[in-house]
Amino acid sequence: MKIIVELIKNLQLTHRFYLLYGVGLFAMALGFLFSIFIQIGAAYLLLLAAVTIADSLILFNTSHSIGCERETSKILSLGDSNPIALTVTNNFPLALNLEIRDELPEQLQERNFKMHTKLDAGQTEVLRY
């Protein structure tokens with residue numbers, strides 16, 4: 001049970017996830033007016049749950065991983081630009097669209113820093129900011 005709780009804590013659900021499940025719930029609600037929508041909504045939600053579980057199993061498979069290393073100077077200056085490089089490696093056998101969130105020091109006053117990139121299978125990319 002602890003493993004399932006940890007997996008759920010590590011998921012970051014997007015608006016698309018909630019929208020897709022909302023469509024299924026809307027179909028189930030339409031079932032009060034037209035009974036065929038209950039079966040359609042139930043089948044849709046069951047299929048969506050199966051896809052979600054399969055996606056989670058692929059994502060949390062420990063034999064594949066995403067590697068990341070940060071290169072920065074030892075001391076960061078508040079007045080000057082500080083070049084930082086992230087080397088991201090995709091060890092999955094499939095292409096991934098990544099959203100990389102980095103927690104910057106609070107002195108830099110940037111709270112929601114994130115970058116987007118797409119990595120093919122086995123590809124390494126250096127992101128600089």
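Restricting to region 92-104, name every residue that is assigned to a loop (DSSP other than H, G, I, E, B) and farther than 11 Å from C68 by Cβ. Before the answer, list the steps.
Within region 92-104, the first condition is being assigned to a loop (DSSP other than H, G, I, E, B), and the residues that meet it are 92-95, 102-104.
Correct list: F92, P93, L94, A95, E103, L104.
For region 1-19, what are the residues that are part of a helix (DSSP H, G or I) and open to solvent by less than 100 Å² (accessible area, probe 1.4 Å)?
The answer is I4, V5, E6, L7, N10, F17.
Scanning for something open to solvent by 70 Å² or more (accessible area, probe 1.4 Å), in contact (Cβ under 8 Å) with a residue 12 or more places away in the chain and within 27 Å of I3 (Cα to Cα), does region 98-114 turn up at least one residue?
Yes, the conditions are met somewhere in region 98-114.
Out of L59, L45, I need the residue that is of a type outside the set (D, E), within 24 Å of V5 (Cα to Cα) and touching a helix residue (DSSP H, G or I) at 6+ places or on another chain (Cβ under 6 Å). Which one?
Being of a type outside the set (D, E), within 24 Å of V5 (Cα to Cα) and touching a helix residue (DSSP H, G or I) at 6+ places or on another chain (Cβ under 6 Å) holds for just one of L59, L45, which is L45.
Could you tell me whether L86 is surrounded by 11 or more Cβ atoms within 10 Å (Cβ to Cβ), at pLDDT below 85 and over 20 Å from F17 (Cα atoms)?
Numbers: surrounded by 11 or more Cβ atoms within 10 Å (Cβ to Cβ): yes; at pLDDT below 85: no; over 20 Å from F17 (Cα atoms): yes.
Here the answer is no, as L86 does not meet what is asked.
If T87 satisfies all but one of (1) β-branched (V, I, T); (2) over 27 Å from N10 (Cα atoms); (3) touching a Ser or Thr at 6+ places or on another chain (Cβ under 7 Å), what's the number of the condition it fails?
Here T87 clears every test but (2).
Among the residues of region 14-50 satisfying the criterion of being hydroxyl-bearing (S, T, Y) and in contact (Cβ under 8 Å) with a residue 12 or more places away in the chain, which is farthest from L98 (Cα to Cα)? I'd like the intermediate steps shown before the answer.
First, pick out the residues of region 14-50 that are hydroxyl-bearing (S, T, Y): 14, 18, 21, 35, 44.
This time we only want the ones that are in contact (Cβ under 8 Å) with a residue 12 or more places away in the chain, so: 21, 44.
Details: Y21: 22, Y44: 27 Å.
It comes out as Y44.
For residues in region 51-72 being open to solvent by less than 60 Å² (accessible area, probe 1.4 Å) and hydroxyl-bearing (S, T, Y), which is farthest from E99 (Cα to Cα)?
T52
So which residues in region 20-73 are within 22 Å of the chain's Cα centre (by Cα) and not in a helix (DSSP H, G or I), if there are any at all?
Within region 20-73, F60, N61, T62, S63, H64, S65, I66, G67, C68, E69, R70 meet the criteria.
Among the numbered conditions (1) touching a Phe, Trp or Tyr at 6+ places or on another chain (Cβ under 9 Å); (2) modelled with pLDDT under 80; (3) farther than 28 Å from Y21 by Cα, tell me where N61 comes up short.
Failed condition: (3).
The values are calculated or read from the model by the stated rules, or taken from the named source; none is laboratory data. What you are looking at is a predicted structure, and each value in this text was computed from that prediction instead of being measured. All Cβ positions, even for glycine, are placed from backbone atoms using ideal geometry, and neighbour counts span all protein chains on display. These area figures cover heavy atoms from the full protein model, side chains too; ligands, DNA and RNA do not enter into them. Shrake-Rupley method; radii C 1.70, N 1.55, O 1.52, S 1.80 Å.
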